Amino acid sequence: MRPWLTLAIIAVAAVLLALLPLTGDAVWIQFGINALLLATCAQAWNILGGFTGYVSFGNSVFYGLGTYGTAAAMTQLGWLFPVGLALGAGAAMVLALLLGIPILRLRGPYFAIATLGLSAAMAAVVSNIDAVGANIGLILPLTRADGMFYELALALLLACTLTVAWLARSRFGSGLVAIREDEDAAASMGVDTTRYKVIALVLSALFTAIAGGIHAYWITFINPASAFDPTLNVQMVIFAVFGGPGTVLGPVVGAFILSAIYEVLASWISTAAAFLFGLVIVLAVIFTPRGLADIFGGVRRHGAAYLLQNIRENRL
Amino acid sequence: MLLAQILVNGILLGGLYGLMGLGMALVWGVLNIVNLAHGSFIMLGGYAVFYLFTLAGIDPLAALPIAMAMLFVFGWLLQRFVLNLIVRSELLNTLLITFGLDVVITYLAQYLFTADFRTINPSYAGANITAAGVTVPLLLLAAFLIALLLAGALWLLLNRLPLGRAIRATAQNLVAARLYGVDPRSVYALTFGLGAALAAAAGGLYGITAHLTPYIGVTLTAKSFVIAIIGGLDNPFHIVLGGIVLGVAESLTALYLGPTYTDVISFGLLVVVLVVRPRRALRAA
């Protein structure tokens, strides 16, 4: 997609979404806050996962740190919300830096699994720290300002998406893509692969942690199980991959579509919602293995046979 | 004496863990699929044994091979008609599709079996022997021996039988194997079926020693992951050993630090193993 077209779509979508609270419909706003935060997480995951191909199952750790940083700063230290957000984001970035250096040496499934291990270990560590409520959790001061949370989440998603749009055009982003395509070749061409990957992880941690902090203040109650929920991480991956990893708009569109489908299914046929959700994922992987974003180009290349073409390429 | 008891418990539990890891490692090593639905296969195996015992009155240990055969067919069909469509695509996609399958299976299980806690409870469930002050639960001992037996059978199959040679050849070089007359579609289906059958054996034994719910899959998948990584993918006995390492580590942690720390240790161990020994033979099945 041409860069000006991408930017135009982002601008129009941002304005339209920013106007949504004017309808005053509480259900829509609450759904919106959730969808926007999830989309931010998917987009942040995309920075590392989509561009470098390093599948992280540890992003929920950054989310949890953002959640706990914000909550602990506000309840235990009595600091203001923005300061708490900064604290949580700072903690997540420092952790990303410290962990990224040893763990990003691992490739392929090993990296994925190491991050999965980290996220499980972190949740268990936090649930043993009494200062942050151990297993019970923390309760934040109640603020009834859904409109504000909505606009904050939107601003965060916008910042994250613009960062990815910049990545897609910049030398740094090309370096990341080179790592995805062939890491050894990238290194031999002079890309400082470790530094690139660590920076990508730190950026990813920054946005994920702020999303966690906003969610904590909005929902006003957190505990280790919800803050470090590994299924949240799986959702990030699914949204990004469903929409199209390594693209600018794919992860956001994927997040919106899938959260909408899930929401509709849950209210319409509540018991079978998860079942159909799983089925959608299975079918999506079979028919559009490169993500929804690929459909536009794919249909232009192959016409209606595009979906079967995908199977032909990937079947045994 | 407490320490000896804890070690024995850990080792016996580790045998069961090893059995969980076997199917995961087989599928991963041969098909290059990290099967996120592995834990839900274990869960299905557990329910198969549970219903064979409660409805048909078949002794749980005798029901084990039946459950294995059922899950073999299930896994074979799944690979032959669904996963083979996508198996050549990136790792990310196979992760995603098996995750989707896990969600589907979990909710079908919840619908069919309800969310009630189930335990397979034969008359000899609590039997144990005491030797030198250490109590050995007989069922865990049986589970341990069955794990060793199945690891041995898998080793024999892979290293001594023609089918095993075809499986190893497919894992090493798909194109070359095809040139030598191996049909990778059926080899993949057979391998995935075997992985599911091993999961069923683990599930049946798990159901005798712990509670079954439709939701145990995710945790068991994560454990199987850890075990496959600690043990490596090349030798079934190493995987059982990996299971024992995990079982002992968890038991010791529960004793000295408290049960809430077991996950910290088992997943911390995983990260340490990965960082210290990053380049193990991955596809040498």
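The values are calculated or read from the model by the stated rules, or taken from the named source; none is laboratory data. Remember, predicted model here, so these are calculated numbers, not experimental data. Positions of Cβ are generated from backbone atoms using ideal geometry, with glycine treated the same way; all protein chains shown enter the neighbour counts.
Residue-by-condition table, conditions (1) touching a Ser or Thr at 6+ places or on another chain (Cβ under 8 Å); (2) touching a residue at least 24 places away in the same chain (Cβ under 8 Å); (3) charged (D, E, K, R); (4) within 11 Å of another protein chain (Cβ to nearest Cβ):
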position: B:Tyr215; (1), (2), (3), (4): yes, yes, no, no
position: B:Lys223; (1), (2), (3), (4): yes, yes, yes, yes
position: B:Gly231; (1), (2), (3), (4): no, yes, no, no
position: B:Ile239; (1), (2), (3), (4): no, yes, no, no
position: B:Gly243; (1), (2), (3), (4): no, yes, no, no
position: B:Val248; (1), (2), (3), (4): no, yes, no, no
position: B:Ser251; (1), (2), (3), (4): no, yes, no, no
position: B:Tyr261; (1), (2), (3), (4): yes, no, no, yes
position: B:Ile265; (1), (2), (3), (4): yes, no, no, yes
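So which of A:Ile238, A:Ile295, A:Ile311 is at the interface with chain B (Cβ under 8 Å from one of its Cβ atoms), in a helix (DSSP H, G or I), at pLDDT below 85 and surrounded by fewer than 19 Cβ atoms within 10 Å (Cβ to Cβ)?
The match here is A:Ile311.
Mind listing just one residue for me: the one in segment B:59-103 that is of a type in the set (Val, Ile, Thr) and within 17 Å of the chain's Cα centre (by Cα) and, of those, farthest from the other protein chains (Cβ to nearest Cβ)?
Going through segment B:59-103, the residues of a type in the set (Val, Ile, Thr) turn out to be B:66, B:73, B:82, B:86-87, B:94, B:97-98, B:103.
Narrowing further to those that are within 17 Å of the chain's Cα centre (by Cα): B:66, B:73, B:98.
Values: B:Ile66: 27, B:Val73: 19, B:Thr98: 9 Å.
Applying the filter and picking the extreme gives B:Ile66.
Out of the residues in segment B:67-92 meeting the condition of being closer than 20 Å to A:Val285 by Cα and β-branched (Val, Ile, Thr), tell me which one is surrounded by the fewest Cβ atoms within 10 Å (Cβ to Cβ). It would help to see each step written out before you state the result.
Within segment B:67-92, the subset closer than 20 Å to A:Val285 by Cα is B:75-92.
Okay, now just the ones that are also β-branched (Val, Ile, Thr), so B:82, B:86-87.
Working: B:Val82: 15, B:Ile86: 25, B:Val87: 22.
Looking at the filtered set, the residue picked out is B:Val82.
Which one of A:Gly254, A:Gly250 is under 15 Å from A:Leu37 (Cα atoms), touching a helix residue (DSSP H, G or I) at 6+ places or on another chain (Cβ under 6 Å) and touching a residue at least 24 places away in the same chain (Cβ under 8 Å)?
Numbers: A:Gly250 fails: under 15 Å from A:Leu37 (Cα atoms).
Answer to the check: A:Gly254.
Restricting to segment A:149-172, give me the number of residues that are in contact (Cβ under 8 Å) with a residue 24 or more places away in the chain and either among the aromatic types (Phe, Trp, Tyr) or not in a helix (DSSP H, G or I) (or both). Quick ask: steps written out before the conclusion?
Filtering segment A:149-172 down to residues in contact (Cβ under 8 Å) with a residue 24 or more places away in the chain leaves A:149-154, A:156-165, A:167-169, A:172.
Those still in the list that are either among the aromatic types (Phe, Trp, Tyr) or not in a helix (DSSP H, G or I) (or both) too: A:149-150, A:172.
Looking only at that region, the number is 3.
Report those helices (runs of 4 or more DSSP H) wholly inside segment A:179-233 carrying at least 3 residues which are within 18 Å of the chain's Cα centre (by Cα).
Numbers: elements: A:183-188, A:193-219, A:224-227.
Those helices (runs of 4 or more DSSP H) span A:193-219.
What pairs come out if I take residues in segment A:285-305 that are farther than 16 Å from A:Ile238 by Cβ and pair them with residues that are assigned to a helix (DSSP H, G or I) whose C-beta lies under 6 Å away, six or more apart or interchain?
A:Gly298/A:Tyr306; A:Val299/A:Tyr306; A:His302/A:Gln309
Just give me the residues in segment B:152-193 being among the hydrophobic types (A, V, I, L, M, F, W, C) and in contact with a Gly (Cβ under 7 Å, 6 or more places away or on another chain), in sequence order. Show your work before the answer.
Start the filter on segment B:152-193 by keeping residues that are among the hydrophobic types (A, V, I, L, M, F, W, C), which leaves B:153-158, B:161, B:163, B:166-167, B:169, B:171, B:174-177, B:179, B:182, B:187, B:189-190, B:192.
Across segment B:152-193, the qualifying residues are B:Leu157, B:Leu158, B:Ala171, B:Phe192.
Would you say A:Phe57 is under 19 Å from A:Val198 (Cβ atoms), within 14 Å of chain B (Cβ to nearest Cβ) and free of Cβ contacts under 8 Å to residues at least 60 places away in the same chain? Show your work before the answer.
Values: under 19 Å from A:Val198 (Cβ atoms): yes; within 14 Å of chain B (Cβ to nearest Cβ): yes; free of Cβ contacts under 8 Å to residues at least 60 places away in the same chain: no.
No.
So that you can scan it fast, the table gives a plain yes or no per residue for (1) within 26 Å of A:Glu181 (Cβ to Cβ); (2) among the β-branched types (Val, Ile, Thr); (3) over 17 Å from the mean Cα position of the chain (by Cα):
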{"position": "A:Pro3", "(1), (2), (3)": "yes, no, yes"}
{"position": "A:Ala8", "(1), (2), (3)": "no, no, yes"}
{"position": "A:Asp25", "(1), (2), (3)": "no, no, yes"}
{"position": "A:Ile33", "(1), (2), (3)": "no, yes, no"}
{"position": "A:Gly50", "(1), (2), (3)": "yes, no, no"}
{"position": "A:Tyr54", "(1), (2), (3)": "yes, no, no"}
{"position": "A:Phe57", "(1), (2), (3)": "yes, no, no"}
{"position": "A:Leu77", "(1), (2), (3)": "no, no, yes"}
{"position": "A:Phe81", "(1), (2), (3)": "no, no, yes"}
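Looking at this structure, is A:Leu98 modelled with pLDDT of 90 or more and either assigned to a helix (DSSP H, G or I) or not charged (D, E, K, R) (or both)?
Details: modelled with pLDDT of 90 or more: yes; either assigned to a helix (DSSP H, G or I) or not charged (D, E, K, R) (or both): yes.
Taking the combined requirement at face value, the residue satisfies it.
For segment A:154-204, which residues satisfy the criterion of being in contact with a Gly (Cβ under 6 Å, 6 or more places away or on another chain) and among the basic types (Lys, Arg)?
To start, the set of residues in segment A:154-204 that are in contact with a Gly (Cβ under 6 Å, 6 or more places away or on another chain) comprises A:167, A:180, A:191, A:196, A:198, A:201.
Across segment A:154-204, the qualifying residue is only A:Arg180.
A:Ile214 fails exactly one of the following numbered conditions: (1) among the β-branched types (Val, Ile, Thr); (2) more than 27 Å from A:Ile10 (Cα to Cα); (3) touching a Ser or Thr at 6+ places or on another chain (Cβ under 9 Å). What is the number of that condition?
The number of the failed condition is (2).
Determine, yes or no, whether B:Gly207 is in contact with a Lys or Arg (Cβ under 8 Å, 6 or more places away or on another chain), modelled with pLDDT of 85 or more and buried (at least 24 other Cβ atoms within 10 Å of the Cβ). First the steps, then the outcome.
Working: in contact with a Lys or Arg (Cβ under 8 Å, 6 or more places away or on another chain): yes; modelled with pLDDT of 85 or more: yes; buried (at least 24 other Cβ atoms within 10 Å of the Cβ): yes.
So B:Gly207 passes the test.
Can you tell me which residue among B:Leu108, B:Leu96, B:Leu44, B:Leu64 is closer than 27 Å to A:Trp45 by Cα and either surrounded by 16 or more Cβ atoms within 10 Å (Cβ to Cβ) or touching a residue at least 60 places away in the same chain (Cβ under 8 Å) (or both)? Working first, answer last.
Numbers: B:Leu108 fails: closer than 27 Å to A:Trp45 by Cα; B:Leu44 fails: closer than 27 Å to A:Trp45 by Cα; B:Leu64 fails: closer than 27 Å to A:Trp45 by Cα.
After applying the criteria, what remains is B:Leu96.
I'd like the full set of residues that are modelled with pLDDT under 85 and touching a Phe, Trp or Tyr at 6+ places or on another chain (Cβ under 8 Å), limited to segment A:2-51.
A:Leu20, A:Pro21
Going through B:Phe117, B:Phe50, B:Phe41 one at a time, which residue ends up being of a type in the set (Phe, Trp, Tyr), within 30 Å of A:Arg312 (Cα to Cα) and more than 14 Å from every other protein chain (Cβ to nearest Cβ)?
Details: B:Phe117 fails: within 30 Å of A:Arg312 (Cα to Cα); B:Phe50 fails: within 30 Å of A:Arg312 (Cα to Cα).
Going through B:Phe117, B:Phe50, B:Phe41 in turn, just one is of a type in the set (Phe, Trp, Tyr), within 30 Å of A:Arg312 (Cα to Cα) and more than 14 Å from every other protein chain (Cβ to nearest Cβ): B:Phe41.
Can you pull out the residues in segment A:265-292 that are modelled with pLDDT of 80 or more and small (Gly, Ala, Ser)?
Result: A:Gly278, A:Ala284.
Quick check on my filter: what residues within segment A:54-83 are among the small types (Gly, Ala, Ser) and in contact with a Leu (Cβ under 8 Å, 6 or more places away or on another chain)?
Restricting attention to segment A:54-83, the residues satisfying the condition of being among the small types (Gly, Ala, Ser) are A:56, A:58, A:60, A:64, A:66, A:69, A:71-73, A:78.
The answer is A:Ser56, A:Gly58, A:Ser60, A:Gly66, A:Gly69, A:Ala71, A:Ala72, A:Ala73.
Restricting to segment A:101-117, name every residue that is farther than 19 Å from A:Pro230 by Cα and buried (at least 21 other Cβ atoms within 10 Å of the Cβ). Write out each step before concluding.
Start the filter on segment A:101-117 by keeping residues that are farther than 19 Å from A:Pro230 by Cα, which leaves A:101-102, A:104-108.
Across segment A:101-117, the qualifying residue is only A:Leu104.
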